[in-house]
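Working notes for the structure below.
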Amino acid sequence: MRRDALTGNLACFAAYALFGFNIISCRRIALDGNITPMALFCLRSFGAAALFWLLSLFTSPREHIAREDVWKVVLASFLGLFMTQISFLFAITQTTAIDASIMATLSPVMTLVISAIFIKERITWSGVAGIILSISGVLILVFNCVTLSAGADSTSLWGILGMILNSLCFASYVGIFKPLIQKYSVVTFMKWMFLFSSLMALPFSFSAFAASDLAAVPADVMGHVAFVVVGATFIAYFLIPYGQQRLRPVVVCMYTYVQPVIAMVIALALGLDTLGLLKIAATLLVFLGVGLVNFVPKGKPFA
């Protein structure tokens, strides 16, 4: 059990670390301008779907989704992939990077409540304290680090609503579908997730992809595209359900707080930021919070 928890935590940390590096790649792609965000969404969806289906040819045993579970996988794909990506792409154009980062801290709180309602995940005092500590650390980092992600010059009401929808959809996916994810292998579950997500995205993203001038994209930018598709999508989304099978939903969602820490490390490495005691304390708060949420006391739960 402890080994499962350890591997689950390592998987989630690695996945969100990849998401942190994804910020650099997406920014480089955006600055080049030949591939729009919606075209990149198309590449991510279809690229990851193709890789998961290819991998499934070499896995054993060959699994099939039960007929009664198909609609559940479709809903999981809609919430966990399609809506989270679409709402983020919409919101980031109308939200400053700092405001988007702040609103992203709502996701673990929403997950805690949703998982308590749908799968009877108990709410403990240590979990609440962990979320508060991590949010505090994230806010310190957000207001004291150079941001590397693109965003709007000002935040609109629609941008705020878009980020709230983004957090709510991902929290619903993490908080509701753990029993379904545990029922199937990671490869089987994700190949169908990305297939359904790709079909949902097709009417919105294919025209943008078709209009992209891929021949004009520099080699280094194509390298970033390859990382986004393979590293930050295929590998990362392989690791997240692996962690979901072994950890409580709120613990999985808490790893969203690793992304600003990774962004800070990258900023330091590129000479865009400096390290002080405040940022060290903020980083410690983030990981202390994750540790507290991982801790499940034997005493009476909060709710």
### Query
In what sequence do 71, 125 fall when counting other Cβ within 10 Å, fewest first?
71, 125
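Quick one: order 143, 118 by neighbouring beta-carbon count within 10 Å, fewest to most. Don't jump to the answer; show the numbers that get you there.
Numbers: 143 12, 118 15.
Exposure proxy ranking, most exposed first: 143, 118.
So if a site counts as exposed when it's one of the trypsin sites (Lys or Arg not before Pro), its DSSP state isn't H, G, I, E or B, and it has at most 16 other Cβ atoms within 10 Å, what's the longest stretch of the chain without one?
Working: sites that count: 62, 120, 122, 298.
The longest such stretch corresponds to 123-297.
Around residue 222, what is the net charge, scoring Lys/Arg as +1 and Asp/Glu as -1 over all other residues with Cβ under 11 Å from its Cβ? Don't skip to the answer; put the middle values down first.
Details: positive: 28; negative: 32, 220.
That works out to -1.
Throughout, read-outs are computed from the coordinates displayed, never taken from laboratory work. Computed from a predicted structure; not experimentally measured. For neighbour counting, all protein chains shown are included, and Cβ atoms are generated from backbone atoms with ideal geometry for every residue, glycine included.
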